[in-house]
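Here the structure is laid out as structure tokens; the discussion comes afterwards.
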Amino acid sequence: MDHLIRHLPAVIYQTTVHGDGRISVDHISEACNRILGLAAADVMANASVVASIIHPEDLDGARMQFAEAYERGEDCSVQLR
């Protein structure tokens, strides 16, 4: 499985939403460095670093889509600039 994930042209991740609303990244594929320009270790240490690369005009909408998907217990796919 790791071999497949390493070669996908996508960032695969797993998060936990804590009771206080904080989000932690439990796993993120190494493709995040190639695709997002962020080291996997940095994202897992501080999930908010991802917001730093989202276009400011997309940030509120992305947050809302993630929150709505979480409330419904659904996966979320968001395309951003």
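The values are calculated or read from the model by the stated rules, or taken from the named source; none is laboratory data. Being a predicted model, the structure only gives us computed values, none of them experimental. What goes into the accessible areas is simple: the full protein's heavy atoms, side chains included, and nothing from ligands, DNA or RNA. Shrake-Rupley method; radii C 1.70, N 1.55, O 1.52, S 1.80 Å.
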Taking all protein chains in place and a 1.4 Å probe, what share, in percent, of the accessible surface of the chain do carbon and sulfur account for? 53 percent
Relative contact order (percent) for the chain, with alpha-carbon contacts under 8 angstrom and 6 or more residues of separation? 19 percent
Could you state the accessible area per residue of the chain in Å², with a 1.4 Å probe and every protein chain left in place? 75 Å²
Tell me the relative contact order for the range 6-52 as a rounded percent, counting alpha carbon contacts under 8 Å between residues six or more apart. 32 percent
Note down the Stokes-Einstein diffusion coefficient of the range 9-63 in µm²/s, whole number, using a Kirkwood radius over alpha carbon pairs, 25 °C, and 0.890 mPa s. 208 µm²/s
